[in-house]
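The values are calculated or read from the model by the stated rules, or taken from the named source; none is laboratory data. Keep in mind it's a predicted model, so treat the numbers as computed, not measured. Cβ sites come from the backbone with ideal geometry, for glycine too, and all protein chains shown count toward neighbours. Ligands, DNA and RNA are excluded from the accessible area calculation, which covers all protein heavy atoms including side chains. Shrake-Rupley method; radii C 1.70, N 1.55, O 1.52, S 1.80 Å.
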Amino acid sequence: MTYIITGLAPEPFAHLVSASDEQLSLLGAVRVTATTKPGFPCRITLEDAEPGERLILLNHVSHDVATPYRSAYAIYVRERAAAPAVYRGETPPVFAGRPIALRGFDNDGMLKAASLAPPGEADAKTRALFEMPEVAYIHAHNAAHGCFAARIDRA
(Lines give C-alpha, C1' and ligand atoms only; values in the text may rest on other atoms or scores of the structure.)
Protein backbone atom coordinates (compact mmCIF):
# COMPACT_ATOMS: atom_id res chain seq x y z
CA MET A 1 0.00 0.00 0.00
CA THR A 2 1.43 3.34 -1.01
CA TYR A 3 0.63 6.60 0.68
CA ILE A 4 0.86 10.37 0.35
CA ILE A 5 2.01 12.84 2.99
CA THR A 6 1.02 16.47 2.43
CA GLY A 7 2.07 19.50 4.45
CA LEU A 8 -0.50 21.93 5.73
CA ALA A 9 -1.82 24.58 3.35
CA PRO A 10 -0.12 27.93 4.05
CA GLU A 11 -3.21 30.09 3.49
CA PRO A 12 -4.75 29.66 6.98
CA PHE A 13 -1.50 30.96 8.49
CA ALA A 14 -0.78 33.82 6.04
CA HIS A 15 -2.33 36.49 8.25
CA LEU A 16 0.06 35.57 11.07
CA VAL A 17 3.16 36.47 9.07
CA SER A 18 2.25 40.16 8.89
CA ALA A 19 0.89 40.29 12.44
CA SER A 20 2.82 42.21 15.08
CA ASP A 21 4.22 40.37 18.07
CA GLU A 22 1.43 41.92 20.15
CA GLN A 23 -1.23 40.68 17.72
CA LEU A 24 0.32 37.22 17.73
CA SER A 25 0.25 37.21 21.52
CA LEU A 26 -3.48 37.96 21.51
CA LEU A 27 -3.92 34.90 19.27
CA GLY A 28 -1.81 32.72 21.54
CA ALA A 29 1.02 32.57 19.01
CA VAL A 30 4.64 33.73 19.00
CA ARG A 31 7.28 34.53 16.41
CA VAL A 32 10.49 32.55 16.92
CA THR A 33 13.86 32.26 15.22
CA ALA A 34 15.32 28.81 14.61
CA THR A 35 18.51 28.33 16.58
CA THR A 36 19.37 24.74 15.61
CA LYS A 37 18.69 22.23 12.87
CA PRO A 38 16.91 19.98 13.55
CA GLY A 39 14.63 21.49 16.12
CA PHE A 40 12.09 23.73 14.37
CA PRO A 41 9.95 21.47 12.12
CA CYS A 42 7.71 23.35 9.67
CA ARG A 43 4.33 21.69 9.15
CA ILE A 44 3.90 23.24 5.71
CA THR A 45 7.24 22.35 4.10
CA LEU A 46 7.80 19.22 6.24
CA GLU A 47 11.42 20.25 6.71
CA ASP A 48 13.31 21.66 9.66
CA ALA A 49 13.93 25.40 9.40
CA GLU A 50 17.48 26.64 8.94
CA PRO A 51 19.14 28.44 11.88
CA GLY A 52 18.24 32.13 11.69
CA GLU A 53 14.96 31.46 9.86
CA ARG A 54 11.76 32.91 11.34
CA LEU A 55 8.71 30.82 12.16
CA ILE A 56 5.38 31.21 13.90
CA LEU A 57 4.64 28.90 16.83
CA LEU A 58 0.91 28.47 17.31
CA ASN A 59 -1.76 26.12 18.52
CA HIS A 60 -3.30 24.12 15.68
CA VAL A 61 -6.32 21.83 15.60
CA SER A 62 -4.87 18.90 13.68
CA HIS A 63 -7.75 16.47 14.09
CA ASP A 64 -10.95 18.47 13.83
CA VAL A 65 -13.48 15.68 14.37
CA ALA A 66 -16.52 15.30 16.60
CA THR A 67 -15.03 12.39 18.53
CA PRO A 68 -13.00 12.01 21.72
CA TYR A 69 -9.92 12.03 19.44
CA ARG A 70 -10.20 15.69 18.47
CA SER A 71 -6.70 17.06 18.88
CA ALA A 72 -4.87 20.39 19.04
CA TYR A 73 -1.28 21.19 19.95
CA ALA A 74 1.61 23.52 19.12
CA ILE A 75 3.14 23.56 15.64
CA TYR A 76 5.71 25.65 13.78
CA VAL A 77 5.15 27.18 10.36
CA ARG A 78 7.86 29.00 8.43
CA GLU A 79 7.06 32.61 7.64
CA ARG A 80 8.26 32.09 4.05
CA ALA A 81 6.47 28.79 3.42
CA ALA A 82 4.66 29.22 0.10
CA ALA A 83 3.30 25.76 -0.75
CA PRO A 84 2.62 22.50 1.04
CA ALA A 85 5.19 19.77 0.52
CA VAL A 86 3.98 16.50 -1.00
CA TYR A 87 5.68 13.13 -0.52
CA ARG A 88 4.39 10.05 -2.33
CA GLY A 89 5.41 6.68 -0.95
CA GLU A 90 8.24 8.16 1.10
CA THR A 91 8.59 9.99 4.37
CA PRO A 92 9.53 13.68 4.51
CA PRO A 93 12.81 15.03 5.88
CA VAL A 94 11.08 16.18 9.07
CA PHE A 95 10.57 12.52 10.07
CA ALA A 96 14.29 11.72 9.82
CA GLY A 97 16.11 11.15 13.09
CA ARG A 98 12.96 11.41 15.21
CA PRO A 99 10.75 8.76 16.77
CA ILE A 100 7.31 9.19 15.20
CA ALA A 101 4.00 8.18 16.79
CA LEU A 102 1.52 7.00 14.16
CA ARG A 103 -2.21 6.99 14.87
CA GLY A 104 -4.52 5.21 12.43
CA PHE A 105 -8.10 6.50 12.23
CA ASP A 106 -11.21 5.27 10.47
CA ASN A 107 -13.44 7.49 8.30
CA ASP A 108 -15.39 8.56 11.39
CA GLY A 109 -12.29 9.90 13.15
CA MET A 110 -12.06 7.02 15.62
CA LEU A 111 -8.67 5.58 16.52
CA LYS A 112 -8.29 2.04 15.18
CA ALA A 113 -4.56 1.34 15.57
CA ALA A 114 -1.33 3.01 16.61
CA SER A 115 2.37 2.39 16.26
CA LEU A 116 5.63 3.89 17.44
CA ALA A 117 8.21 4.24 14.67
CA PRO A 118 11.81 4.59 15.84
CA PRO A 119 14.02 6.78 13.63
CA GLY A 120 14.17 5.30 10.12
CA GLU A 121 11.10 3.08 10.52
CA ALA A 122 8.20 5.46 9.76
CA ASP A 123 7.82 4.16 6.19
CA ALA A 124 7.51 0.50 7.24
CA LYS A 125 5.20 1.29 10.16
CA THR A 126 2.99 3.46 7.94
CA ARG A 127 2.66 0.68 5.37
CA ALA A 128 1.83 -1.81 8.13
CA LEU A 129 -0.97 0.40 9.47
CA PHE A 130 -2.45 0.77 5.99
CA GLU A 131 -2.59 -3.02 5.68
CA MET A 132 -5.53 -2.74 8.08
CA PRO A 133 -8.63 -1.98 5.99
CA GLU A 134 -10.26 -0.05 8.83
CA VAL A 135 -7.45 2.55 8.83
CA ALA A 136 -8.53 5.35 6.48
CA TYR A 137 -5.76 7.84 7.34
CA ILE A 138 -2.88 8.27 9.76
CA HIS A 139 -1.75 11.18 11.86
CA ALA A 140 1.97 11.36 12.57
CA HIS A 141 3.21 13.09 15.71
CA ASN A 142 6.66 13.68 17.09
CA ALA A 143 6.75 11.06 19.81
CA ALA A 144 8.81 13.04 22.31
CA HIS A 145 7.16 16.46 22.09
CA GLY A 146 3.74 15.24 20.97
CA CYS A 147 3.25 17.84 18.25
CA PHE A 148 1.41 17.03 15.05
CA ALA A 149 3.82 16.23 12.22
CA ALA A 150 1.63 15.41 9.21
CA ARG A 151 -1.42 13.61 7.90
CA ILE A 152 -0.82 10.50 5.84
CA ASP A 153 -3.45 9.30 3.35
CA ARG A 154 -3.76 6.25 1.17
CA ALA A 155 -2.56 7.08 -2.33
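Counting just the residues of the range 93-115 that are of a type outside the set (A, V, I, L, M, F, W, C) and touching a Pro at 6+ places or on another chain (Cβ under 7 Å), which one comes out nearest to Val135 (Cα to Cα)?
Step one: of the range 93-115, the residues of a type outside the set (A, V, I, L, M, F, W, C) are 93, 97-99, 103-104, 106-109, 112, 115.
Those left that are additionally touching a Pro at 6+ places or on another chain (Cβ under 7 Å): 97-99.
On the way: Gly97: 25, Arg98: 23, Pro99: 21 Å.
Result: Pro99.
Where the second residue is β-branched (Val, Ile, Thr) and surrounded by fewer than 14 Cβ atoms within 10 Å (Cβ to Cβ) and the first is farther than 11 Å from Ala149 by Cα and lies in the range 73-100, which pairs have Cβ atoms under 9 Å and are six or more apart or on separate chains?
Qualifying pairs under 9 Å: Arg88/Thr2; Gly89/Thr2.
Hey, which of the strands (runs of 3 or more DSSP E) in the range 10-115, taking only ones fully inside, have at least 1 residues that are hydrophobic (A, V, I, L, M, F, W, C) and open to solvent by 30 Å² or more (accessible area, probe 1.4 Å)? Give the steps one after another, and end with the answer.
Details: elements: 30-33, 54-63, 71-78, 86-88, 100-105.
Because the criterion is at least 1 residues that are hydrophobic (A, V, I, L, M, F, W, C) and open to solvent by 30 Å² or more (accessible area, probe 1.4 Å), the strands (runs of 3 or more DSSP E) in the range 10-115 that meet it are 30-33, 54-63, 71-78, 86-88.
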